[in-house]
Amino acid sequence: MEPAKTEEPQKVIFSAIQPSGTITLGNYLGALKNWISLQDEYDCIYALADLHTITVRQDPAAFRRHTLEAYALLLACGIDPKKSLFFIQSHVPTHAQLAWVLDCYTQFGELQRMTQFKDKSAKHPDNINAGLFTYPPLMAADILLYQTDLVPVGVDQKQHLELTRNIAERFNGIYGPTFKLPDAYIPKNGAKIMSLQDPTKKMSKSDENANASIAVLDKPEDIMRKFRRAVTDSEACVRYAEGKDGVNNLMGIYSCVTGKTNAQTEAEFAGKGYGDFKAAVGEAVAEHLRPIRERYADYIRNRDYLEQCWGEGARKAYAISIRTLRKVMKKIGFVPPKPM
Ligand code: AQP
């Protein structure tokens, strides 16, 4: 008799994005494109991290619009609510609850060492709030609530993931196994997209210079204009080389959207100037984003469908996360509440 086949459960992936502005080409090529392809192989849990977003002051109307827009846009990019869990963080109260608990298992000195805290404090000296400081335990709660195996992270978030593991290990050490220790997932096609105006800085949603970033929803003519104005150098030769940050960035973007290698791009533009190259990158990006923009237009008009998706997402996320939270509260010694 053949031995019964035991199916390995799929590994759990958790990732989130902040609705802190209009989603950029950097967010898309660096994170979202990978999120889509992971859906078939893993048990994916994706969130809009709106609680994290208010660590920097937001205008209420713009914040609401960015959140709605991001939800519809992620669906348009290919997040499939039938395959993945996709919710809005503030709709699931367990995140804030576990974050408070984890605050009490995180040392002040550990948080002081976080480079993102130092960077964001320097960027917003008029609003160095406690939430900015305790951002990492909230991120740890997001991840640990779902017994996550893998977290796709860029270099900038590595330190926070290490802290998440330290907090989880500390808790498990005191109370016995409670949290799974998550590992970093390094995407096969990781890309870091730089600002078009200062190619030594990453492209960011919250950049005040509108020409520095491409929004996924930008109109083709705006995309073309921004690429035309992109900072390059005076060599006027399309080649990938150290010190040519602007050109290297454009070549990286071109490669992400066309699949061409740098050598192929160099051959394609041999003897041509930056004008032709920038126009080609702009056209390729606009064409790549066109179907997303078209699907987005349908989703954003359909508020009922969006509400149904995020309602269902929050319900499922709560059902999973409350199990971890209950376990944590019980181990610490809280008296279990009566169901409300
Ligand atoms: N320029 C980028 N290139 C590649 N990946 C990027 N990501 C962000 N910018 C780039 C990735 O997008 C995911 C979501 O990011 P986030 O919303 O959590 O915040 P962030 O990294 O701080 O992104 P922004 O756009 O720069 O937001 P603001 O301006 O609010 O700080 C992450 O996986 C990130 O690596």
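Can you tell me which residues in region 287-304 are basic (Lys, Arg) and more than 22 Å from Gly259 (Cβ to Cβ)? It would help to see each step written out before you state the result.
Narrowing region 287-304 to residues basic (Lys, Arg): 290, 293, 295, 301, 303.
Correct list: Arg301, Arg303.
Look at Pro136 and say whether it is modelled with pLDDT under 95 and open to solvent by less than 40 Å² (accessible area, probe 1.4 Å). Don't jump to the end; show me each part of the working.
Values: modelled with pLDDT under 95: no; open to solvent by less than 40 Å² (accessible area, probe 1.4 Å): yes.
It is false that Pro136 is modelled with pLDDT under 95 and open to solvent by less than 40 Å² (accessible area, probe 1.4 Å).
Scanning region 210-234 for residues that are within 20 Å of Leu74 (Cα to Cα), within 16 Å of the ligand (Cβ to nearest atom) and in a loop (DSSP other than H, G, I, E, B) gives Ser213, Ile214, Val216, Leu217, Asp218. Just one of (1) touching a helix residue (DSSP H, G or I) at 6+ places or on another chain (Cβ under 6 Å); (2) open to solvent by 50 Å² or more (accessible area, probe 1.4 Å); (3) of a type in the set (A, V, I, L, M, F, W, C) fails for Val281. It is (2).
In region 177-209, how many residues are outside any loop (DSSP other than H, G, I, E, B), within 13 Å of the ligand (Cβ to nearest atom) and either open to solvent by 40 Å² or more (accessible area, probe 1.4 Å) or out of contact with any helix residue (DSSP H, G or I) (no Cβ under 6 Å at 6 or more places or on another chain) (or both)?
Residues flagged as outside any loop (DSSP other than H, G, I, E, B), within 13 Å of the ligand (Cβ to nearest atom) and either open to solvent by 40 Å² or more (accessible area, probe 1.4 Å) or out of contact with any helix residue (DSSP H, G or I) (no Cβ under 6 Å at 6 or more places or on another chain) (or both) within region 177-209 amount to 3.
Screening Pro81 on (1) open to solvent by 10 Å² or more (accessible area, probe 1.4 Å); (2) more than 19 Å from Ala319 (Cα to Cα) shows it passes everything except condition (2).
Out of the residues in region 288-340 that are outside any helix (DSSP H, G or I) and not basic (Lys, Arg), which is surrounded by the most Cβ atoms within 10 Å (Cβ to Cβ)?
Just the residues of region 288-340 that are outside any helix (DSSP H, G or I), to begin with: 302, 333-340.
From what's left, not basic (Lys, Arg): 302, 333-337, 339-340.
On the way: Asn302: 13, Gly333: 7, Phe334: 11, Val335: 7, Pro336: 8, Pro337: 8, Pro339: 4, Met340: 3.
Within region 288-340, the match that is surrounded by the most Cβ atoms within 10 Å (Cβ to Cβ) is Asn302.
Just one residue in the set Gly252, Gly275, Gly246 is within 14 Å of the ligand (Cβ to nearest atom) and assigned to a helix (DSSP H, G or I); that residue is Gly252.
Count of region 158-176 residues, restricted to those that are in a helix (DSSP H, G or I) and open to solvent by less than 40 Å² (accessible area, probe 1.4 Å), is 8. The C-beta contact set for region 258-283 (first residue closer than 14 Å to Lys226 by Cα and of a type outside the set (S, T, N, Q), second residue open to solvent by 50 Å² or more (accessible area, probe 1.4 Å) and assigned to a loop (DSSP other than H, G, I, E, B), distance under 7 angstrom, 6+ apart or interchain) comprises Tyr274/Ala236.
Pairs linking a residue in region 288-299 that is at negative phi to a residue that is among the charged types (D, E, K, R) and assigned to a helix (DSSP H, G or I), with Cβ atoms under 9 Å and 6 or more positions apart or on different chains, are Tyr296/Glu69. Among the residues making up region 144-156, those that are within 15 Å of the ligand (Cβ to nearest atom), touching a helix residue (DSSP H, G or I) at 6+ places or on another chain (Cβ under 8 Å) and open to solvent by 10 Å² or more (accessible area, probe 1.4 Å) are Pro152, Val153, Gly154, Asp156.
The values are calculated or read from the model by the stated rules, or taken from the named source; none is laboratory data. Treat the numbers as computed from the prediction; the structure is a model and nothing was measured. Cβ coordinates were reconstructed from backbone atoms using ideal geometry, including for glycine residues, and neighbour counts include every protein chain displayed. For the accessible areas, the whole protein counts, side chains as well, though only heavy atoms, and no ligand, DNA or RNA atoms are used. Shrake-Rupley method; radii C 1.70, N 1.55, O 1.52, S 1.80 Å.
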